[in-house]
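Beneath this line is the structure, given in structure tokens, with notes to follow.
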Amino acid sequence: MRSVFSIAVKLVKSRGAHGSVSAQRLGGEMCKELKTKVLRLLPPTSNGPSVHQGSQTDSAEILSCTVKALKEGHVVAVPTDTIYGLACLAQNSEAISKTYDVKGRNGHKPLAICVGEIEDFYKYCKVTVKTALLGDLLPGPVTLVFERSEVLNTDLNPFTSLVGVRIPDHAFMRRLCQMCGEPLALTSANISSHTSTVAVHEFQELWPKLAVVVDGGPIGDESRLGSTVVDLSVLGKYRIIRPGCALSSTVDVLEHKYGLSEDPGEA
């Protein structure tokens, strides 16, 4: 008997051959049989997967399916502008716990949140920089760390007063956040301490623990470095927490355009 995963992969690859309508019908049948739904975003582009007019129907259905899973408290896998990620609703404490379990992640390592609009920063954290600075860096491969606000779930990173916030430069992810109407907790789609992933087959061992796997195709950035993480919680200062894939361009904006100085942190 073929494994459910080989069937799922065949479903993902069959769309072009059978047309979107029949593939969607087959996909619906497979969703009933599989605990994990593997859904493919079409078409990928040279700059990474995105939502195009030619695939609006497909992307709308995938968005709806993914939002439903998130609202039910499940963990899903999604493409971003850097690497594949695991996501759940940040305001759902049980879902956060599931995310740590899926990765085998140390409970004292924080999760970032992902939002759809710059305005969302002001709801979930205490912004210490000009809005124009946020606009110069986002959407993009940067995670900005600020003091968290009282609105954010206290079970998310309860060991720190800070929170990292992302707006990926990825149409699907931005729309997903907008449709959920609340932030997503986001972390890399891999077993903790293992290599970051840029294609869904690279974290196939995690599929049984996920409700939905959104296949956006191979992500173009082969560096696998993830986003650049920078702490902006101290007024007029910045501190690099993780260099990531956009270090030089981020520092250039912070120092040369906005005059922030580097805070080396504790010695």
Within the range 88-127, residues being closer than 16 Å to Leu210 by Cβ and among the basic types (Lys, Arg) number 3
| Among the residues of the range 231-243, is any modelled with pLDDT of 95 or more and within 17 Å of the chain's Cα centre (by Cα)? | yes
Counting only strands (runs of 3 or more DSSP E) entirely within the range 206-248, those with at least 1 residues that are surrounded by fewer than 22 Cβ atoms within 10 Å (Cβ to Cβ) are 228-231, 237-242
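Name the one entry in Val142, Val165 that is over 18 Å from Ile219 (Cβ atoms) and modelled with pLDDT of 95 or more.
Working: Val142 fails: over 18 Å from Ile219 (Cβ atoms).
It is Val165.
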Inside the range 143-168, the number of residues satisfying the requirement of being β-branched (Val, Ile, Thr), out of contact with any Ser or Thr (no Cβ under 8 Å at 6 or more places or on another chain) and surrounded by 22 or more Cβ atoms within 10 Å (Cβ to Cβ) is 2
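Restricting the search to the range 218-267, which residues are on the phi > 0 side of the Ramachandran plot and in contact with a helix residue (DSSP H, G or I) (Cβ under 9 Å, 6 or more places away or on another chain)? Write out each step before concluding.
Looking only at the range 218-267, we keep the residues that are on the phi > 0 side of the Ramachandran plot, and these are 224, 226, 236, 244, 259, 265.
Answer for the range 218-267, where residues must be on the phi > 0 side of the Ramachandran plot and in contact with a helix residue (DSSP H, G or I) (Cβ under 9 Å, 6 or more places away or on another chain): just Gly244.
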Per the list (1) surrounded by fewer than 20 Cβ atoms within 10 Å (Cβ to Cβ); (2) within 26 Å of Leu156 (Cα to Cα); (3) touching a residue at least 24 places away in the same chain (Cβ under 8 Å); (4) not acidic (Asp, Glu), residue check on Lys257 breaks on (2)
Scanning the range 108-121 residue by residue, the ones that are touching a residue at least 12 places away in the same chain (Cβ under 8 Å) and either farther than 15 Å from Val229 by Cα or in contact with a Pro (Cβ under 9 Å, 6 or more places away or on another chain) (or both) total 9
Residue pairs qualifying under the 6 Å Cβ cut-off, at least six apart or on distinct chains, with the first in the range 144-156 being closer than 17 Å to Cys88 by Cα and the second being assigned to a loop (DSSP other than H, G, I, E, B), are Asn153/Ala90; Asn153/Gln91; Leu156/Ala90
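Conditions (1) closer than 25 Å to Val198 by Cα; (2) at pLDDT 95 or above; (3) aliphatic (A, V, I, L, M), marked per residue:
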{"site": "Asp58", "(1), (2), (3)": "yes, no, no"}
{"site": "Ala87", "(1), (2), (3)": "yes, yes, yes"}
{"site": "Lys98", "(1), (2), (3)": "yes, yes, no"}
{"site": "Tyr122", "(1), (2), (3)": "no, yes, no"}
{"site": "Lys130", "(1), (2), (3)": "no, yes, no"}
{"site": "Leu133", "(1), (2), (3)": "no, yes, yes"}
The number of residues in the range 188-198 that are surrounded by fewer than 15 Cβ atoms within 10 Å (Cβ to Cβ) and farther than 16 Å from Ser97 by Cα is 3
Checked Ala132, Ala112, Ala171 against criteria (in contact with a Lys or Arg (Cβ under 6 Å, 6 or more places away or on another chain) and aliphatic (A, V, I, L, M)); the one match is Ala112
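With the condition kept exactly as written, say whether any residue in the range 188-200 is assigned to a loop (DSSP other than H, G, I, E, B) and in contact with a Pro (Cβ under 8 Å, 6 or more places away or on another chain). Working first, answer last.
Taking the range 188-200 and keeping what is assigned to a loop (DSSP other than H, G, I, E, B), we get 189-199.
The next check asks that each one be in contact with a Pro (Cβ under 8 Å, 6 or more places away or on another chain); those that pass are 198-199.
Yes; the residues of the range 188-200 include at least one that is assigned to a loop (DSSP other than H, G, I, E, B) and in contact with a Pro (Cβ under 8 Å, 6 or more places away or on another chain).
The values are calculated or read from the model by the stated rules, or taken from the named source; none is laboratory data. Values in this document were obtained by computation on a predicted structure and should not be read as measured data. Neighbour counts are summed over all protein chains in view; Cβ atoms, including those assigned to glycine, are modelled from backbone coordinates with ideal geometry.
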